2 protein chains.
Amino acid sequence: MALVVQKYGGSSVADAEGIKRVAKRIVATRQAGNQVVVVVSAMGDTTDELLDLANQVTPAPPGRELDMLLTSGERISMALLAMAIATLGMEARSFTGSQAGVITDEVHGFARIIDVTPGRISSAIKDGAIPIVAGFQGVSQTTKDITTLGRGGSDTTAVALAAALSADVCEIYTDVDGVFTEDPRLVAGARRIPRISYEEMLEMAACGAKVLIPRCVEYARRYGLPIHVRSSFSDKTGTWVSENAENESEEAGMEQAIISAVAHDRSEAKITVVGVPDRVGTAARIFGIIAEADINIDMIVQNVSAIATGRTDISFTLPGADGQRALEMLRSAQETLGFQELLYDDRIGKVSVIGAGMRSHPGVSAKFFAALAEAGVNIQMITTSEIRISVVVDQSDVDVAVHTTHKSFGLDADEIEAVVYGGTGR
Amino acid sequence: MALVVQKYGGSSVADAEGIKRVAKRIVATRQAGNQVVVVVSAMGDTTDELLDLANQVTPAPPGRELDMLLTSGERISMALLAMAIATLGMEARSFTGSQAGVITDEVHGFARIIDVTPGRISSAIKDGAIPIVAGFQGVSQTTKDITTLGRGGSDTTAVALAAALSADVCEIYTDVDGVFTEDPRLVAGARRIPRISYEEMLEMAACGAKVLIPRCVEYARRYGLPIHVRSSFSDKTGTWVSENAENESEEAGMEQAIISAVAHDRSEAKITVVGVPDRVGTAARIFGIIAEADINIDMIVQNVSAIATGRTDISFTLPGADGQRALEMLRSAQETLGFQELLYDDRIGKVSVIGAGMRSHPGVSAKFFAALAEAGVNIQMITTSEIRISVVVDQSDVDVAVHTTHKSFGLDADEIEAVVYGGTGR
C-alpha cells in the first residue's frame, strides 16, 4: 500500500464545487488502495480578501498578526474539504500546520521549516482517517507563534510532510497537465515533460518557470522524494520530478532530448556599475551592500578590465521590484566604491535553455546563440551553469527568442498537448 | 493597577471602522492605568457566512470540522484588532482559544470549559503587550481537537479567563447601555439597572432576557467575579453584576426596588399530558423520555388529581423548536405512560418578574396577578422561585402584560434612558 501526499492549490478548491471535486479524487485515490495525506491551500481569492481587510485597518500590519490572519484561509478550506470527504462516507480530519507538527523558525511571512513531527498525522492514518493538513503555515519553535512560509508555501508543506512520513510520492496538483517545455500559454506547441531531474527542475524554477518553487524542489531532492506534478482537472499522468530522470525514462526507445525545457522571465531588471576601479574586493563591496538590503542577485557579469583605465564594468540582474532600492543603496556609497556611473534597465527579459543532456552534448550554446542570431535577437548578457544557459535580451525580443529556441531544439510537439483548465468550474 | 478583561461582540467589530473604534477604546483603558486583556467574537456575519459555505458542501457537517471551520472567524477578527492596536502605537498579541489555555471537554459545538491555563496571556501582560483572545473556542483536553462553546460562548470565554487571571472586572460590551428593567426595544420606558446580583441576572437570563447567558453568569458567581455590562458605543456606566448587589447600591438614598426587572420569552411551547394515571413514578417516566431526547424543560405544573378518576394532567413548557420531537417521543410511549391525550400550544408567552427584594416583601405575587387581571390577561400557568415569579399567557397578551407589569412595579423611567446603538457605524 503506497502512501501518497497530495497537494491541492487555491484554484482547485476555489468554491464548493471545486472542493467536492477534489474530495472525490482523494476518495478515489484511497479506494485504489493507497494511504492518502492531503495538503490544501486557501480557497481561490481568500488570501487577497484577507490582505484587503488588513489594509483597511492598517497600512503596516505586524508580521505576527498578518500570519495569524492569513492562516485562517487554510483553516476554512481544510475544514470544508474534510466535510466533503465525510459526505462521501470516509473519515477525514483536518489539522493546522501547528497540529501537523510543522515546526519553523520565527520569521513571520517567510518562515523556514526546521522540523516536521507529524505524530497526529500518523495516528490519523492508523485510525483509517484521511488527514487534511493546512498548507503554507507552521508554528515557531521558539515563540510558539503561528508562522507562514511565504510564496509557494503549500508546496513546501506537502514535500516536507511527505519526507517526514517517508511517503512514496508527493503529488502537486495544478491547473495544467504537468511541467511543459515552455509555458503553454506562451508557446502553444509546448510539450509535456514526462520525467525531469531535481536539478533541471531547480534550474527551470530559478529561470522563471512558475510550476514549482526552488525551495520545494530542493527539499524533495535532499530526501530523494519523487514529486508528481499533475492536473486536478484530469486523470492524465503529469510530470515526475526525481533523481537522474534521464536514465529512467519510461518512454522506452524515445531519444533523450538534449534540452528539457526553455524558460523565460520578464520580472528582472539590470544594473550596470560603470567604471569601477579594478581592485581586489570591489565586487565584494558592491554585492555586500546589496546583500545588506536583503535583495537577491541573479546573474552577474564582469567585463575584462581596460588596461589603459584600470577600470571595469560590473552588470547584474535582480528582481525589478527591488531595482530602485538597490540604486539608492549604491548611489549613497558611490564615494567608497569609486564607480563613475550607474545604468538601470528594467526593459529586459531572460531566456534560458535547461537540460541535463548538455553535460554530454557539446555545442548547445553555439546552437542556442545561432538560433537567436537568426531571429535577429541581440544578446546583452550570458551566464551558464552545468545544465543551463541563460541570456538577457531586450524585453520586446523575449517572445521571438523563446519560440525560435523552443523550435530549434526540437521541442515543439506535433500536435497541441497542453490544456490549461482555467475555464472548467473555477 | 486594575486588571480588566474586556469582551467585544460581533456587532462591535463588524467592519474595519468598528475594529478601529474598539482598538481606541482598548488603548484608552490601558492609558487610564489599567492592564487589559481582550476577548473578541467573529466579525458581524462571519459565522453565518461560514455556515453557509459548510451547507454548500454537505447537509450534515461533522462537529469536529464545523468547529475547525467556525473558529477561523475569531482568528480573523482578533488578528485585525491586534493590528489596529499596533497602529495606535501599542503592542497587541492575538491568541487562539488553544493558545490562551482554554481547555474544554470534547463535545464539539457545545464544549464546556474544564480548565483555563493562561500562561501565555500572563507572559504577554508581563511583556507590556495587550493580549487579544479568540472568544467562543477552546481545545479538547483528551483529543487536542479544536472545540467551540456554543451560543454566547465568547462571554463565557471572557468570564472564565477573567477568573483564571484573577481580574478585577470582566467588561461585556454590547450595543445597549447595560441591563434594563425590560428590553428597551419593547418597553421604551425601560430603566437601566445600575447593579444586580448574580442570582437575579441568572433568573433574568433563564426568563428570556438576552443580555447574558446563564452559564456565563454562573461562572462569574462561582468565582465572585464582577461583570460590567456596557455599551461599546458610549462611555456611560452600564450594569454591574455582582454578589449581593442590593446591599451595595451606589445610588445612595435611592429606595431599593422590590422588583429589579421584568422579562419575557415568546420562544417556548406548552405540552399538556391529559389523563395521566396518578401513580408514583409517572412524572419521572414522562420527563425521563424527554430527557433522553436532550430536550430542556422549563416550567412544570401538575394539577391535583381528580379523585373520581384517579387521573391528573401534567403541563410543561419547552423550547418551541423541540416541540414536535417531544410530542412524537411521548406519543410513541402512550401505552407505557397510560395517558389519554396530548395537547400542544406554541402560541404562548412567558412573563416574569425578578427581584431579590421579593424575599423580604410579601405580596409581590398578588400585585403581579392583580396587574395582569386589570389588563385583562388570562394566566395559564404559574411557577415561582425565591426571587422570581413567572406566568404563561397567550402570546398575543405578552406585550400588554409586560407593559402593565413594568409600570405597576414602578419601573418606568421618567424619561427615555435606553439608547440602542444599532444604527451607528455597524
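Quick look at the values:
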item: Answer from A:Asp115, A:Asp183, A:Asp168 - the residue that is surrounded by fewer than 24 Cβ atoms within 10 Å (Cβ to Cβ) and within 30 Å of A:Val400 (Cα to Cα); result: A:Asp183
item: Single unsatisfied condition, A:Gly178 versus (1) crowded, with 22+ Cβ neighbours inside 10 Å; (2) at negative phi; result: (2)
item: Residues satisfying the stated conditions in the stretch B:37-79, i.e. surrounded by 17 or more Cβ atoms within 10 Å (Cβ to Cβ) and polar (S, T, N, Q); result: B:Ser41, B:Thr46, B:Thr47, B:Thr58, B:Thr71, B:Ser72, B:Ser77
item: Strands (runs of 3 or more DSSP E) contained entirely in the stretch A:90-177, each with at least 3 residues that are in contact with a Pro (Cβ under 8 Å, 6 or more places away or on another chain); result: A:92-95
item: Enumeration of residues in the stretch B:369-394 that are in contact with a Phe, Trp or Tyr (Cβ under 8 Å, 6 or more places away or on another chain) and either aromatic (Phe, Trp, Tyr) or closer than 17 Å to B:Arg347 by Cβ (or both); result: B:Ile379, B:Val391
item: First in the stretch B:398-418 and at positive phi, second anywhere and modelled with pLDDT under 95 and of a type in the set (A, V, I, L, M), Cβ under 8 Å, 6 or more apart; result: B:Gly410/B:Ala257
item: Filtered residue count, the stretch B:287-327, keeping only those that are over 22 Å from B:Gly349 (Cα atoms), surrounded by 19 or more Cβ atoms within 10 Å (Cβ to Cβ) and aliphatic (A, V, I, L, M); result: 0
item: Residues located in the stretch B:255-289, provided they are without any contact (Cβ under 8 Å) to a residue 40 or more places away in the chain and part of a helix (DSSP H, G or I); result: B:Ala283, B:Ala284, B:Phe287, B:Gly288
item: A:Arg120 being touching a residue at least 24 places away in the same chain (Cβ under 8 Å) and within 9 Å of chain B (Cβ to nearest Cβ); result: yes
item: Positions within the stretch A:44-66 being more than 8 Å from chain B (Cβ to nearest Cβ) and assigned to a helix (DSSP H, G or I), in sequence order; result: A:Thr46, A:Thr47, A:Asp48, A:Glu49, A:Leu51, A:Asp52, A:Asn55, A:Gly63
item: Within the stretch B:67-89, considering residues that are more than 24 Å from the chain's Cα centre (by Cα) and more than 7 Å from chain A (Cβ to nearest Cβ), the one nearest to A:Ser72 (Cα to Cα); result: B:Leu81
item: Residue in the stretch B:143-151 that is of a type in the set (D, E, K, R), surrounded by fewer than 20 Cβ atoms within 10 Å (Cβ to Cβ), more than 12 Å from chain A (Cβ to nearest Cβ) and within 21 Å of B:Tyr173 (Cβ to Cβ) present; result: yes
item: In the stretch A:1-37, residue nearest to the other protein chains (Cβ to nearest Cβ) [restricted to those that are assigned to a loop (DSSP other than H, G, I, E, B) and of a type in the set (Ser, Thr, Tyr)]; result: A:Ser12
item: Condition broken by A:Met358, with the remaining ones in (1) more than 26 Å from the chain's Cα centre (by Cα); (2) crowded, with 16+ Cβ neighbours inside 10 Å satisfied; result: (1)
item: Residues located in the stretch B:271-309, provided they are within 23 Å of B:Ser385 (Cα to Cα) and charged (D, E, K, R); result: B:Asp298
item: Members of the stretch A:123-142 found to be small (Gly, Ala, Ser) and either in contact with a Phe, Trp or Tyr (Cβ under 9 Å, 6 or more places away or on another chain) or within 14 Å of chain B (Cβ to nearest Cβ) (or both), listed by number; result: A:Ser123, A:Ala124, A:Ala129, A:Ala134, A:Gly135, A:Ser140
item: Residue in the stretch B:24-36 that is within 22 Å of the chain's Cα centre (by Cα) and surrounded by 18 or more Cβ atoms within 10 Å (Cβ to Cβ) present; result: no
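The values are calculated or read from the model by the stated rules, or taken from the named source; none is laboratory data. These figures come from a predicted structure and were not determined experimentally. A quick note on method: Cβ atoms are made from the backbone with ideal geometry, for glycine too, and the neighbour counts reach across all protein chains shown.
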